[in-house]
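Enquirer: Input: one structure, supplied below.
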Amino acid sequence: MKEPRGDFLNRVIRQVKSREAKQFVADELHHHLEEEIKSLKKAGMDEAAAEDKAIKHMGSAERLGMEMNKLHRPRVDWVMIGLVLLISSIGVLPSMHVSTELYNDNGFLLREITYLLIGIFISTLLMLFDYRKLRVFRWWIYGGTAFILIVLMFFPSTYINGEAHFKIASFTIDSTAAVTALVLSWVTYLGNAKVASGWVLPFVVVSLCSLMMLPSLPAVFVFTLTLTALLWGRFKEKRKVIVWAYAFIGALIGIMIFNAQSYQLARLYAFIRPEENRMIHGYMYFHNQELLARGGWFGVQGGTEMINEGHTNFALTTITYYYGWITGGAIILIGLFIMYRMLRHIRSIKEPLGQAIILGGVTLFSTQFLYNVGMTMGFLPHTGMFLPFVSYGLNPTIQTFIIVGLFLSVYRKKSIMSYGKEAMGKSQRDRSPGSK
């Protein structure tokens, strides 16, 4: 004959649909019953009577199980999914206005839709994937990252705007893929409960030096900020060491800027002194501001303006010019709300890897998004910084949807990781004689 406690727990977890939540609920209920039994035994009751009374205090096993099932079922952030689909749909618009005079190709729209569908598929798979299994695949992630960096550093197929690219069939590996792989590797590494902090600085130097060899200033900038946020959140007790380490890293980046390509330095100087370079590199700044102003609230109907990089780095300019500031402003607001949705869940996630995924993802996304918006508005120098969900390209699309997919995976597990004694304590209070 089963002991009353075991029978009660079996009847509770029978109502819980999630296989993972079953064990979680059973462990928590068992702990709660143990504490209650100890308290009753101290009051003078024997073991059997104390156990019987503790079970009666818990109430109906079926009702408790149904409540636990509601609390611990996998969750889907439909708001985030809706925001992502909305901004991605708007992001298709720049590919409809690619100038045939600048780009002798008319297949951008079809490819952009294809990339979007690939991104949605990857994001869906990652959402259904248990993000904690990244630890199991960590050596595959590290190996893939090393492969990407090695082929870009030593076996590039071509250089575009001074940056290394490696082509496999119709797929191209570039600095965006390198940053994505590096961030994922660091998230997996720092997401462990025990991290060998002594290896952090050498790994940081290797990561940055690898990106500097590509070379790609935007990649170094984005990765540095993302890694800083990850380290700042992971090693709260060693933030002074982080500051000194990044003074050294800042020197490395300064060396990279000093050795930058001539066109990159020309663009930077044109930002500082646009009037003196109005007819050369400064022209981009004046022309971009003119296009934004001409767009007005509703855009230029039937406009035929040639916009250089209007489907990639200046996709926001294209949207604002053709569809107005209402549409352009909507993209900015949606992007900001996506950041907010990710940030607000960091504190509710207690598991280290989940925290690292959200912190790294939101920093990577927001750095690129905010810089591109600032660049388009004329507040920051023009660089090869894409606008997430909007700029054309397979690698930018994959990176952005990996961020979203992993966030949704963490969100699905948050109900299992966040509730517990509080939820069961509430259930018991609801069943107490004085409750209504």
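Derivation of every value follows stated rules applied to the coordinates shown; laboratory data play no part. The shown structure was predicted, so the numbers you read here are calculated from the model rather than taken from an experiment. Note: ideal-geometry Cβ built from the backbone for every residue, glycine included; neighbour counts use all protein chains shown.
Enquirer: Which FRET efficiency, nearest 0.05, do Val79 and Gln301 yield, Cβ-Cβ r, R0 25 Å?
Expert: Details: r = 33 Å, r/R0 = 1.32.
Calculated transfer efficiency: 0.15.
Enquirer: Could I ask something else about it? Stretched out fully, how many nm does the piece from Ser99 to His287 gain, at 0.36 nm a residue minus the Cα gap?
Expert: Working: separation 188, 0.36 × 188 = 67.68 nm, distance 1.61 nm.
Separation in residues times 0.36 nm, less the Cα-Cα distance, equals 66.1 nm.
Enquirer: State, to one decimal in nm, how far the label point of Ser60 lies from the label point of Val205, with both points 7 Å from Cα in the Cβ direction.
Expert: 6.6 nm
Enquirer: About the Cα centre of region 4-73, what is the dipole size in debye to 20, counting +1 per Lys and Arg Cβ and -1 per Asp and Glu Cβ, all else neutral? The partial results should precede the final answer.
Expert: Values: 14 positive and 13 negative charges, 72 e Å.
Roughly 340 debye for region 4-73.
Enquirer: Taking R0 as 41 Å, what FRET efficiency do you get between Arg111 and Ser39 from their Cβ-Cβ distance, rounded to the nearest 0.05? Write down the numbers at each step before the final one.
Expert: Working: r = 66 Å, r/R0 = 1.61.
About 0.05, to the nearest 0.05.
Enquirer: Let me ask you something else. In the structure shown, do any of Lys194/Lys414; Lys17/Lys413; Lys22/Lys133; Lys17/Lys38 have a Cα-Cα gap over 23 Å, and if so which?
Expert: Details: Lys194/Lys414 21 Å; Lys17/Lys413 14 Å; Lys22/Lys133 19 Å; Lys17/Lys38 30 Å.
As for pairs spanning more than 23 Å Cα to Cα, those are Lys17/Lys38.
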